[in-house]
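The values are calculated or read from the model by the stated rules, or taken from the named source; none is laboratory data. None of the values given here were measured: they were computed from a predicted structure. For neighbour counting, all protein chains shown are included, and Cβ atoms are generated from backbone atoms with ideal geometry for every residue, glycine included.
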Amino acid sequence: MGGIGLVLNIAKDALLAQQYAMAVVSHNIANVSTDGYTRQTPLLNSKRAEPFGGFMFGRGVELQEIVRNSNSFLEKRLQNAQSDSLSMSEKAIYMDVMESIFNENSSQSLSSQFTDFWNVWNDLANNPSGQPERNILNENGNLLAQSFNDIYNDLTKLGREIDNSIETGVDKINNILTQIADINEQILVIEVSGNANDLRDQRNKLAGQLSEYLDVNTYEADDGSLTVMTGKGYILANRVEKYTLSFDGSDINWQSSGTAEVTITDTISGGKIGGWLDMRDEIIPKYQADLNELAKSTIWEMNKIHTQGVGLYAFSTVTGTYTATDKNAEMGTVDSGLDFYDKITDGSFKIWLYDTTGAVVGETTIPIIAGTTTLDGLAGTIENITIGGEDALNASVKDNKLYMEIDTTAHSGYTFAFSDDTSNILAALGFNTFFDTSTARDIRVNEKISSDKNYIAAAKINNNVGPAVGATTNSSTVITTTGPYTGSQDATYNIEITTGGTESTAIIRWNKDGGGWTSVNLADGSTVTLNDGVSITFTSGTYVVNNTFTVDVTESSDTYGEFAPGDNTNALDIANLQYQGVTIKRWTYERGSAATSQDVTDTAIDDYLHMFIGSVGIQSQSILRQKEYKNIILSQLSESRDNISAVSLDEEMTDLIKYQQVYSAVAKLITTADEMLNTLLNTTR
C-alpha cells in the first residue's frame, strides 16, 4: 500500500497507539495512591517498513508492550529489609513490656524488696527477741518471694502471648500463600497472550506481606510464576502449589508435598515471627534463667546460714522441705533428686538435745559423706543415736522427705536443735530453713516459720568447739568434733595423719597451738580424745597420709549448748549476706543450640541483682538501636524503589500532554490526507 492509503493507515495506527498510551498514563494516574502499584510504561515501536514505488516506506507506529517499572533485585532487598525491620520492631515492643515487668521505678520492684528484706534483718539483729520485728521479717520475706513469683509468671505469660501471636501469624502466612498460588495460576493463563502487570503488582504486594512475617526468598520463572521459599530454602509456593505451615503450640512445622512435617522453628530468622521467636526462645528464657539463678542463690545462701542458727525455742518435730526422688541414692549425687544435691559436701552437723526445762542434755555429731550417705541411711543413723544417754529422737523418711521428732512416749517436753553444719545437708534437706523450693516461680517462706515466727533463727547455739577444717588438698576423710572445750583461752588444735590405711593401721598426731606433737594409734577405734574436753572422731574407712585438719576452740564453756533470746549472731550473719561474695550463674540462650552458663564469681547478691536488672535496659537499648538502623536501611531502599516504580503525577501529566499533542497532530494528518483524497477525486471528475 502506498500513497494516500499509506498516510491514512499510518494515521489510524498512530491514533490508536497514542490512545493506548494515554490509557496507560490514565491507569497510572488513577493508581497514584494504590499501595503496591508499580508504574507502567507503554513501549511504542515503529512498524516494519515495506517497499513501494522503488522505495522502503515506514508504516507508522504500534504499541509493542506495556511494561512495569520494577527492579527485581531492589524489590528483594526491600523485602529483606522490611523483614529485618519488623523483626526488630516486634522485639522492641516486647522489650518495652519486659521493662515494665521489672519496673524498677516502683516501690514494689525487686530491688526495693531486697533492700527492705535486708533492712528488716538488721532490725531483728537490733532486737532479736522482738515479735514485731519477726512478724515484719516474715511479711517482707513473703513480699520478696511474691516479687520473684510475679516476675517469673509475667515473663511466662509474655511467652504465651507470643505463642498466640505466632499462631495468628502462621494463619496469615497460609492465607497469603493461598492467594499467591491463585495469582500464579491466573498469570500463567493471562501471559500466554500478554502481560499481567496488575496481577504481578498484587503478587509482589503479597510477597511483601509475607516478608513481614518471616524471611523469604522469591524467584520468578520464565512462565511468569513466582516461587517463594523461606530464607533457609523450604518451598512455600511454586506455580499453583502451596506448602502451608502449622503451629503446634511450640514449634512451626512445614508441610511437605507428602504427609511428612518438618520443624523449621530455628530456621526462621526474620520478620515478625523471627522477632517473636527470638524473644520467646532466647531473650525471655535468658532472663527467666537468670532470675531463677538469683532466686536459687538467695534461697541457698539464706538457708545455709539460717540452718546454723536457732529461734526463740528449739524443735519438737521438723520435716524437710526438699524431696528426694530416691531415698536410697547417695544424697550428694544427681540420682538423689534433691534440688541442691550439688551443694552437699563431706562434713557433719550437730544435733543438740534439751530437757523439759530447756537444759542441755547433750549433743552428737552426725557425719555426712556426700557420695555415700543416703536419705534412708541418715534417717537410720539419727533413729539409733543417743544423746547424753537419752534415746529421745525418732527419724524416718516420709514421702521421700526426712522427718524428725521427739519420742514423746518417754521424753515428752524435750526439744532438739541443729548447729555447725559443714556438710550443707540441713539446707539441702530443708531443715530449719527460711525459704522453701529452689526457683523464682514458687519461692516462698518456709511454712514452719510462717506458722510460728519464733522459729526465725536469729541466735546460734553456743558451741565453743569448732568443726574440723581439712586442708583443700585432703581426700574425703571426715573428722567430727565434740566438747565442750574447758581450756582457759582460745586455741587451735592441729591434726595430721602420719600413717595412712585402715583404722587398724592408721596413726595420727596432734598438737595444740603449735606445741609438741602427740601420736595416737587408731587401732582401738576412730575416736581420739585430745585434751581440755575436746574429742575428735574419724568417720571414713580409709585414712590418707599427710591429710591435715585444724579445730578452733574458744574459752567459754559455761553456756555450752545454750542459746539466748537476745543473741543476734545469726541474724547479723544473714544481714551481712548482702555484702558477701557468692557464685551465681548467668545464662545465654541461642535458638537451635543448648543453653550455656557462665559463673559470676565473688559477687554479692545485690550486685548480681543490679547487673541483672541493668542488662534488661541494655538489651532494650541495643534492640532499639538496631531497629533504628534497620528502619534507615528500609527507608533508603523504599526511596530507591519509589524512584523507579512509584507514580509521579508531574511525569504522568507531561506524558499525557505529549501523547495528546501527538494525537492532535495525527488527527490533523488524517484531515490533510482527506483533503488530498478529495482534491484527487475532484480532479478525476
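General remarks:
- Exclusive hit being farther than 30 Å from residue 459 by Cβ and either of a type in the set (Gly, Ala, Ser) or surrounded by fewer than 15 Cβ atoms within 10 Å (Cβ to Cβ) (or both), set 126, 175: 175
- Among the residues listed as 513, 442, the single one being among the acidic types (Asp, Glu) and either within 51 Å of the chain's Cα centre (by Cα) or buried (at least 17 other Cβ atoms within 10 Å of the Cβ) (or both): 442
- Residues considered: 198, 251, 281. Of these, the only one that is acidic (Asp, Glu), at pLDDT 90 or above and under 30 Å from residue 642 (Cβ atoms) is 198.
- All positions within region 480-526 that are free of Cβ contacts under 8 Å to residues at least 60 places away in the same chain, of a type in the set (Phe, Trp, Tyr) and in a strand (DSSP E or B): 510
- The set of residues in region 329-346 that are within 16 Å of residue 399 (Cα to Cα) and charged (D, E, K, R) contains only 339.
- Just one of the listed residues (394, 384) is free of Cβ contacts under 8 Å to residues at least 12 places away in the same chain, out of contact with any Gly (no Cβ under 9 Å at 6 or more places or on another chain) and polar (S, T, N, Q), namely 384.
- In this structure, residue 477 does not satisfy being modelled with pLDDT of 90 or more and either surrounded by 21 or more Cβ atoms within 10 Å (Cβ to Cβ) or within 12 Å of residue 538 (Cα to Cα) (or both).
- You will find that of 525, 581, the residue that is loosely packed, with under 13 Cβ neighbours inside 10 Å, on the phi > 0 side of the Ramachandran plot and either among the basic types (Lys, Arg) or more than 23 Å from the chain's Cα centre (by Cα) (or both) is 525 and no other.
- Residue list for region 445-474, restricted to those being in contact with a Ser or Thr (Cβ under 9 Å, 6 or more places away or on another chain), assigned to a loop (DSSP other than H, G, I, E, B) and surrounded by fewer than 19 Cβ atoms within 10 Å (Cβ to Cβ): 471, 473, 474
- Here residue 289 clears all of (1) closer than 24 Å to residue 597 by Cβ; (2) in contact (Cβ under 8 Å) with a residue 24 or more places away in the chain; (3) touching a helix residue (DSSP H, G or I) at 6+ places or on another chain (Cβ under 9 Å) except the condition numbered (3).
- For residue 219: the one exception among (1) part of a helix (DSSP H, G or I); (2) under 42 Å from the mean Cα position of the chain (by Cα): (1)
- Selection count, region 222-266, where residues are part of a strand (DSSP E or B), closer than 19 Å to residue 189 by Cβ and touching a residue at least 24 places away in the same chain (Cβ under 8 Å): 4
- Just one of the listed residues (655, 650) is in a helix (DSSP H, G or I), among the acidic types (Asp, Glu) and surrounded by fewer than 15 Cβ atoms within 10 Å (Cβ to Cβ), and it is 650.
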